[in-house]
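Beneath this line is the structure, given in structure tokens, with notes to follow.
The values are calculated or read from the model by the stated rules, or taken from the named source; none is laboratory data. Owing to the predicted nature of the structure, the values given are computational and were not obtained by experimental measurement. As a convention, Cβ positions derive from the backbone with ideal geometry for all residues, glycine included, and neighbour counts pool all protein chains shown.
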Amino acid sequence: MRRRQGVEFRGALGLTGTLTKYLSVAVLFPTALAIGYREPFWPFLAAGAIIALVGLGLERIGRDAPPIGFREGFFVVAVTWLFAAALGALPYLLSGDPQLDRPVDAYFEAMSGFTTTGSSVLTDIPALDQSMLMWRQFTQWLGGMGIIVLALAVLPRLRVGGRQLLESEMPGPEVDNLADRIRSTAQRLWLLYIALTAAQALILAIFGWTGIDDRMDLFNAVAHAFTTLPTGGFSPEGRSVEPFSAASQWVIVIFMTFAGMNFALLYRVLVRRRARVAIRDEEARLYLTILVAMSLLLAMELWHKGIEGGEAAFRHATFQVVSMMTTTGYASTDFIVWPAFALMILIGVMFIGGSAGSTGGAIKVVRHLLMGKVLRRELRQTLHPEVVMPIRLNGVVVDERTLRAITAFVLLYVGFFAVGAGLIALDSAFQGPPMSAFDAIAAAASTLGNVGPGLGFAGPMGSFEPFSDFSTVVMIALMWLGRLEIVPVVVLLTRSYWRV
């Protein structure tokens, strides 16, 4: 029997082309808005046509190629996200807006959108056309559940190799199957995603219509729903969600909390009405416990320092903790002026992240949970070497291979974070702009964790525009790595990947 030789590039490129081709259809939404608002619509159509032609060309290369396997899945996922960011950047470039007329800035904004990071190089967000603002929001919504999962839900051809693609793309260490067929799983997750988005948009719009929040018109309601469920954090307002009422901010907190939970678990709770599943889930309990504990700690700090009091202290503390831990990146106030201890809490929860199977980024709660259990086992076995202690999650024994993979991921995450922060700090020392080590750390943590705001001039009400082109490229790479959870990209750099 003939052995398969290396990576099947023709099939991988063909599948990437198919995904890219269908992704180009997304420009029809902002095109319709541009026509409705009487704004230039040709940048969207031109961008869609360019990307569609690229997709068709790649698809032609892969014609009659053998089906892809697990190895090719990593390549398809990694490259498709690069093409997605290119699609997002083209309308910015073609529009001629002075804030996004440089390719590196346009690509940064687009990568931040599709990776649901929320960092921005814009200095005057409301200056963009309405259709361009909504395109910016829409890129995060598309990237939230994952372009690959969207394709699995609607393209029958992708049943071949579908499981490999989903396991490469979905956030978290493993995929919790809801059905025997992977396409059915993707459809259910996307339907839940759409339903929650619609529910949030409707609630916020009702607040605007009834006068509860005069600033929350239908455009803002839809725009913020588009970036809450994907834990993206883009806002058409220059000061994030600060201008909106307390009621709107609390609604956003609730939906950010949902977005940071495992969507498979949410499906069981909200659709199948099995609430006890969430109560028994160890990760969900730890996730909610950390949110509550850190919110209370931060609220006490704000109250103690006299920064906020009463409901405002609890609301701003809860909002920022939920926003940063779920890696959404919204801001209800300019927290850059808060004391060092408060900022340390926010930087700390950046590294925790949401649940596995959520749209959030960073390390994820379940990895912290399992690493803690591994540490406890090692300490106990140091005292009692003869004790056999399998690691269990929700009563099920976790395979040692999975535990090793989690350890490897955490080490890679910390390593890339350190390298990214070091490069940004070094570049600042040579080219500027001047920043503290803490600011460089925050920039690297925010982009790798797909959180959004940093500190200093890149704070929640600031912009990443002052960074040099080199630092901007470093942060683009960090966003890409973080969204794909590092391993699919690192695998491509290993020698064994290219061998037989």
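I'd like to know if the stretch 13-34 contains one or more residues that are at pLDDT below 95, touching a helix residue (DSSP H, G or I) at 6+ places or on another chain (Cβ under 6 Å) and in a loop (DSSP other than H, G, I, E, B). Scanning the stretch 13-34, I find no residue that is at pLDDT below 95, touching a helix residue (DSSP H, G or I) at 6+ places or on another chain (Cβ under 6 Å) and in a loop (DSSP other than H, G, I, E, B), so the answer is no. Among the residues making up the stretch 275-300, those that are acidic (Asp, Glu) and buried (at least 19 other Cβ atoms within 10 Å of the Cβ) are ASP281, GLU283.
Checked against (1) buried (at least 24 other Cβ atoms within 10 Å of the Cβ); (2) among the hydrophobic types (A, V, I, L, M, F, W, C); (3) modelled with pLDDT under 90, LEU87 passes all but condition (3).
In the stretch 1-25, the residues that are closer than 17 Å to GLY88 by Cα and among the charged types (D, E, K, R) form no Cβ pair under 9 Å with any partner that is modelled with pLDDT of 90 or more and not in a helix (DSSP H, G or I), whether six or more places apart or across chains. Across the stretch 404-453, the number of residues qualifying as of a type in the set (A, V, I, L, M), within 23 Å of MET371 (Cβ to Cβ) and surrounded by fewer than 19 Cβ atoms within 10 Å (Cβ to Cβ) comes to 8. The single condition among (1) within 22 Å of the chain's Cα centre (by Cα); (2) surrounded by 24 or more Cβ atoms within 10 Å (Cβ to Cβ) that GLU72 does not satisfy is (1).
Conditions (1) basic (Lys, Arg); (2) modelled with pLDDT of 90 or more; (3) over 27 Å from ARG276 (Cα atoms); (4) surrounded by fewer than 12 Cβ atoms within 10 Å (Cβ to Cβ), marked per residue:
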| residue | (1), (2), (3), (4) |
| --- | --- |
| GLY354 | no, yes, no, no |
| GLY360 | no, no, no, no |
| LEU369 | no, yes, no, no |
| ARG380 | yes, no, yes, no |
| VAL388 | no, no, yes, yes |
| VAL397 | no, no, no, yes |
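Contact map, the stretch 365-388: first residue within 28 Å of LEU288 (Cα to Cα), second residue acidic (Asp, Glu) and surrounded by 17 or more Cβ atoms within 10 Å (Cβ to Cβ), Cβ cut-off under 8 Å, separation 6 or more or different chains; pairs are VAL365/GLU283; VAL366/GLU283; LEU369/GLU283. Quick one: in the stretch 32-44, which of the residues that are closer than 16 Å to PRO91 by Cα and touching a residue at least 24 places away in the same chain (Cβ under 8 Å) is surrounded by the fewest Cβ atoms within 10 Å (Cβ to Cβ)? Top of the filtered list is TRP42. Restricting attention to the stretch 220-266, the residues being within 22 Å of SER358 (Cβ to Cβ) and not hydrophobic (A, V, I, L, M, F, W, C) number 13.
So that you can scan it fast, the table gives a plain yes or no per residue for (1) farther than 26 Å from PHE464 by Cβ; (2) not β-branched (Val, Ile, Thr):
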site: SER24; (1), (2): yes, yes
site: ILE35; (1), (2): yes, no
site: LEU93; (1), (2): no, yes
site: ASP101; (1), (2): no, yes
site: ALA106; (1), (2): no, yes
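Filtered by the rule that a residue be on the phi > 0 side of the Ramachandran plot and among the acidic types (Asp, Glu), the stretch 81-130 gives no residues.
TYR330 meets each of the listed conditions (1) in a helix (DSSP H, G or I); (2) under 27 Å from LEU229 (Cβ atoms) apart from (1).
Scanning the stretch 133-156 for residues that are modelled with pLDDT of 95 or more and either in contact with a Ser or Thr (Cβ under 6 Å, 6 or more places away or on another chain) or not in a helix (DSSP H, G or I) (or both) returns GLN137, GLN140.
Candidates GLY361, GLY353: the one that is on the phi > 0 side of the Ramachandran plot, touching a residue at least 12 places away in the same chain (Cβ under 8 Å) and out of contact with any Phe, Trp or Tyr (no Cβ under 8 Å at 6 or more places or on another chain) is GLY353.
When the residues of the stretch 54-108 are filtered to those that are assigned to a helix (DSSP H, G or I) and among the β-branched types (Val, Ile, Thr), the one that is farthest from LEU13 (Cα to Cα) is VAL104.
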